[in-house]
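A short reminder: the numbers here are calculations on the coordinates, not readings from a lab. These numbers come from a predicted model, not from an experiment. Cβ coordinates were reconstructed from backbone atoms using ideal geometry, including for glycine residues, and neighbour counts include every protein chain displayed.
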Amino acid sequence: MMKTMHLVWIGTVIVLAATIQTSCSSSRATAVNEQAQAVKQQIESRQYKISVNRMVPVKGPSQYLTSSYSLTVRGDTVISYLPYFGQAYSIPYGGGKGLNFESVITDYSLSYDRKGTARISFRTRSENDVLLYRTEIFDNGSSSIRVTSNNRQAISFYGTLEPEE
């Protein structure tokens, strides 16, 4: 009798633990799926801002950024407020504005890989340069940006997609 009671109690604890675990993992999966859907909606509306917290020049170490740098896309317009560290081949006297400008986007392209990562590329012109931006945005909002320029070495940035306001 005692052994049977003990087995029933153990069985009840196991069923209860499995139910709780399934419930928790189900709510986590729902939250992750909702976040992925929100990220996708933001990207597809072409209304998003990526806050950048790290840059990686071609030559030199990765550097964490302490100021608020970002890349913002608003329809057919890009607002690039990014630092630049690297070799410049041709720049105006005084250094120019680098990667700080607002301009019209051309050749915008959006695709997704098998894992759901958004791959975005577009061209734009600053006051003194033609630039190609290649961005990857993962379904959790983490992002990478690679900027290739006609007049400067390429540079990469890492950050996160800001939630919609």
Report the local net charge at residue 117: Lys and Arg +1, Asp and Glu -1, summed over other residues whose C-beta lies under 13 Å from its C-beta.
+2
What does the charge count near residue 74 come to, summing +1 for each Lys or Arg and -1 for each Asp or Glu among other residues with Cβ under 10 Å from its Cβ?
0
For residue 63 and residue 34, what does the FRET efficiency come to when R0 = 30 Å and r is the distance between their Cβ atoms, rounded to the nearest 0.05?
0.35
How do 102-111, 119-128 rank on mean C-beta neighbours within 10 Å, highest first?
119-128, 102-111
Magnitude of the Cβ-charge dipole (Lys and Arg +1, Asp and Glu -1) of region 61-165 about the Cα centre, nearest 20 debye, reported as 380
Average projected area [Cα convex hull, region 100-165], square nanometres:
5.2
Hey, can you grab everything whose amide H is under 5 Å from the amide H of residue 112? Only 5+ residues off in sequence or another chain; H modelled, so Pro and N-termini drop out.
119
